[in-house]
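A.B. asks: Take this structure first; my questions come after.
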Amino acid sequence: MELLLEKLGIELHILIAQIINFLVLLFILRRFLYRPLIKFLDKRKGIIEKGLNDAQKAKEELSKIQTVKEEKIIEGEKEADKIIEKSKKTAEQKSGLILKEAQEKSEGIIKEAKQMAEEEKKEAKQKLKEEIRDLVFLASSKILEKNIDPKENEKIINRQLDLLNEKS
């Protein structure tokens with residue numbers, strides 16, 4: 001083997017020194033470069049995985065929030081419909097009450113107008129009676145002025161009064 005190494009131009013002590021140098025370099029690189037680099041890469045990998053997990057969680061949370069949002073919107077619309085329906089019913093009830101009150105008031109006004117017309121009619125009859133009596137009295141007094149018999153005058157007056165009473 002020495003002969004083989006000599007023919008190849010390899011010296012054994014240099015080869016051993018190079019192997020030792022390589023092992024020392026390998027140890028130093030592994031100790032000071034490879035391990036920190038692996039730790040850094042593992043840490044970076046953990047950060048990336050955490051970021052991806054957080055992103056996935058955020059996506060799921062956003063999906064849940066969107067679902068809740070849609071449910072709340074639907075619930076709000078239903079509530080608004082209930083409020084509108086309740087308002088319509090209340091408005092219908094109030095309009096019914098208002099119409100009823102208006103009808104009662106109009107009936108009251110009509111009744112009052114009829115009473116007033118009746119009273120005015122009675123007053124007009126009363127005034128008419130008074131005017132007729134006055135006319136009868138004037139006619140009677142004119143007759144009396146002509147000196148008709150007092151008994152005859154009284155008969156005429158009584159007849160006129162009886163006619164007046166019959167008409168009223």
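A.B. asks: With the other protein chains left in place, how much accessible area per residue, in square angstrom, belongs to the chain at a 1.4 angstrom probe? If you can, show how the numbers build up before the last one.
C.D. replies: Details: 16050 Å² over 168 residues.
Per residue, the chain has 96 Å² of solvent-accessible surface.
A.B. asks: Counting Lys +1, Arg +1, Asp -1, Glu -1, what net charge surrounds E61 among other residues with beta carbon under 14 Å of its beta carbon? Kindly include the intermediate steps, with their values, before the conclusion.
C.D. replies: On the way: positive: K57, K59, K64, K69; negative: D54, E60.
Spelling it out: positives minus negatives among the neighbours equals +2.
A.B. asks: Something else now. Between K64 and E123, what length comes free when the chain is fully extended (0.36 nm per residue of separation minus the Cα-Cα distance, one decimal in nm)? Write out the running numbers ahead of the final one.
C.D. replies: On the way: separation 59, 0.36 × 59 = 21.24 nm, distance 8.66 nm.
So the extension gain works out to 12.6 nm.
A.B. asks: Right, another one. What FRET efficiency, computed as 1/(1 + (r/R0)^6) with R0 = 30 Å and r the Cβ-Cβ distance, is obtained for D54 and I28, rounded to the nearest 0.05? Spell out each step's value before the answer.
C.D. replies: Numbers: r = 38 Å, r/R0 = 1.27.
Working from the Cβ atoms, E equals 0.20.
A.B. asks: On the accessible surface of region 24-95, probed at 1.4 Å, how many percent belong to carbon and sulfur atoms?
C.D. replies: On the way: 4270 of 6970 Å².
Heavy-atom surface of region 24-95 belonging to carbon and sulfur, 1.4 Å probe: 61 percent.
A.B. asks: A further question follows. For E2, project a label point 7 Å along Cα to C-beta. Then give me every residue of region 14-36 with its amide nitrogen under 17 Å of that point.
C.D. replies: Counting only backbone N, you get 14-16.
A.B. asks: What FRET efficiency do you get for I16 and K43 if R0 is 35 Å and r is their Cβ-Cβ distance, rounded to the nearest 0.05?
C.D. replies: Values: r = 39 Å, r/R0 = 1.11.
According to the calculation, E is roughly 0.35.
A.B. asks: Counting only complete DSSP H runs, which helices of the chain cover 15 Å or more along their long axis at the Cα atoms and score a mean Kyte-Doolittle of -1.0 or above?
C.D. replies: Values: long enough: 12-29 (25 Å, 2.59); 35-145 (158 Å, -0.94); 150-167 (26 Å, -1.41).
Result, helices passing both filters: 12-29, 35-145.
A.B. asks: Taking 1 over the mean of 1/r across every pair of different Cα atoms in the chain, what Kirkwood radius in Å do you get?
C.D. replies: Details: mean 1/r = 0.0327 Å⁻¹.
Evaluated on the chain, it is 30.6 Å.
A.B. asks: Could you run the Debye sum over the Cα atoms of region 35-82, one equal point scatterer each and no solvent, and tell me log10 of I(q)/I(0) at q = 0.18, 0.26 Å⁻¹, two decimals?
C.D. replies: Debye output, listed in q order: -0.66, -0.86.
A.B. asks: In Å, what is the Rg of the alpha-carbon atoms in region 1-81, and how long is Dmax?
C.D. replies: When restricted to Cα atoms, region 1-81 yields Rg and Dmax of 32.2, 104 Å.
A.B. asks: Further, regarding this structure: Bin width 10 Å, origin at 0, all Cα-Cα pairs of region 40-137: what percent of pairs per bin?
C.D. replies: Whole-percent P(r) values from 0 Å outward: 12, 13, 12, 10, 10, 9, 8, 7, 6, 5, 4, 3, 2, 1.
A.B. asks: Taking the dipole about the Cα centre of the chain, with the C-beta of Lys and Arg at +1 and of Asp and Glu at -1, give me whichever of Q18, A91, L138 is farthest to the positive side.
C.D. replies: Q18
The values are calculated or read from the model by the stated rules, or taken from the named source; none is laboratory data. All values reported here derive from a predicted model rather than from experimental measurement. FYI the Cβ positions are ideal-geometry reconstructions off the backbone, even for glycines, and counts take in every protein chain you see. Accessible surface areas use protein heavy atoms only, side chains included; no ligands, DNA or RNA. Shrake-Rupley method; radii C 1.70, N 1.55, O 1.52, S 1.80 Å.
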